[in-house]
Amino acid sequence: PTRWSLRHSLFRKGYQLLDPYVTVSVDQVRVGQTSTKQKTNKPTYNEEFSATVTDGHQIELSVFHDTPIGYDDFVANCTLHFQDLLRSAAPSDTFEGW
């Protein structure tokens, strides 16, 4: 867990187990959200999302901690630019089904 996710924890030295889920957005439009995994800091999702993207620029993965009351806590995020993915791909690579 990050310092941000531990900001409400009473046990700052210990690790708080999270109830994480991931949102998937393309160009700031949400296209999916995983299920919430209970009490873990190492979740595995293996979930699929399908979206038709035309002239997309970036995909963002954001991790949140599902809280029972109020807004969910932001944990971390990562942004990948489609152009960077295409530039680093071999000519035979395809992104269908990715």
Review point. What's the number of the condition ILE59 fails, among (1) loosely packed, with under 11 Cβ neighbours inside 10 Å; (2) in a strand (DSSP E or B)?
Key: (1)
**Study point:** Any pair with Cβ under 9 angstrom, 6 or more apart, that starts in the range 60-72 at a residue that is within 15 Å of THR23 (Cα to Cα) and ends at one that is of a type in the set (Gly, Ala, Ser) and open to solvent by 40 Å² or more (accessible area, probe 1.4 Å)
**Key:** none
Practice item. Within the range 62-91, track down each residue that is in a helix (DSSP H, G or I) and among the hydroxyl-bearing types (Ser, Thr, Tyr). Key: SER88
Point to revise | Residue in the range 41-58 that is of a type in the set (D, E, K, R) and touching a residue at least 40 places away in the same chain (Cβ under 8 Å) present | key: no
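The values are calculated or read from the model by the stated rules, or taken from the named source; none is laboratory data. In this text, all values refer to a predicted model and were calculated from it rather than measured experimentally. Cβ: placed from backbone, ideal geometry, glycine included. Neighbour counts: every protein chain shown. The protein model used for the area step is the full one, side chains on, heavy atoms only, and it has no ligands, DNA or RNA in it. Shrake-Rupley method; radii C 1.70, N 1.55, O 1.52, S 1.80 Å.
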